[in-house]
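The values are calculated or read from the model by the stated rules, or taken from the named source; none is laboratory data. This one's a predicted model, so the numbers in the text were calculated from it and none came from an experiment. Ideal geometry is used to build each Cβ from the backbone, glycine not excepted, and the neighbour counts take in all protein chains shown. Calculation scope for accessible area: heavy atoms of the full protein, side chains included, ligands and nucleic acids excluded. Shrake-Rupley method; radii C 1.70, N 1.55, O 1.52, S 1.80 Å.
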Amino acid sequence: MALVSDLTTKILFETEKGYSYQCDLTNSIIINFTDIVSSYKIQDFLIFQRKVNSVDILDMLYDLSDHADVQLIETTKKNFSRNLTICEIVQLRELLNGTKFTLSLHSMLCSIANVELI
């Protein structure tokens, strides 16, 4: 079974708090963040990444009220729904942005390789 897993998944990015990988069987991106696993099609992943990046960390830091210590982060299809602290939001951003960078880099390298082959 491990051999099948190795052939169908590709680690994209890894941090202390989680990792992401691409599953070839389901054509999706799997995010494992602090032992919460969620799966996304590429468009859903990009929407989730933009949503996490849109959280205003400075507002949360300067707001002294108790409710500003956490922010509810959820996706449209309820793949991920959790109250995250400021530190967790920053860590999730790092994971999602690293994953997006890896996907963009891979796509760019594939397009360059295809142009050179033709």
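At a glance:
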| quantity | calculated |
| --- | --- |
| Some residue of the stretch 96-117 being assigned to a helix (DSSP H, G or I), more than 18 Å from Q22 (Cβ to Cβ) and in contact (Cβ under 8 Å) with a residue 24 or more places away in the chain | no |
| Check on F101, of a type in the set (F, W, Y) and open to solvent by less than 60 Å² (accessible area, probe 1.4 Å) | no |
| Residues satisfying the stated conditions in the stretch 70-94, i.e. surrounded by 15 or more Cβ atoms within 10 Å (Cβ to Cβ), assigned to a strand (DSSP E or B) and among the β-branched types (V, I, T) | V70, I73 |
| Near pairs, Cβ below 6 angstrom, 6+ apart or cross-chain, from the stretch 15-31 (closer than 14 Å to T75 by Cβ) to any residue that is open to solvent by 70 Å² or more (accessible area, probe 1.4 Å) | S28/K41 |
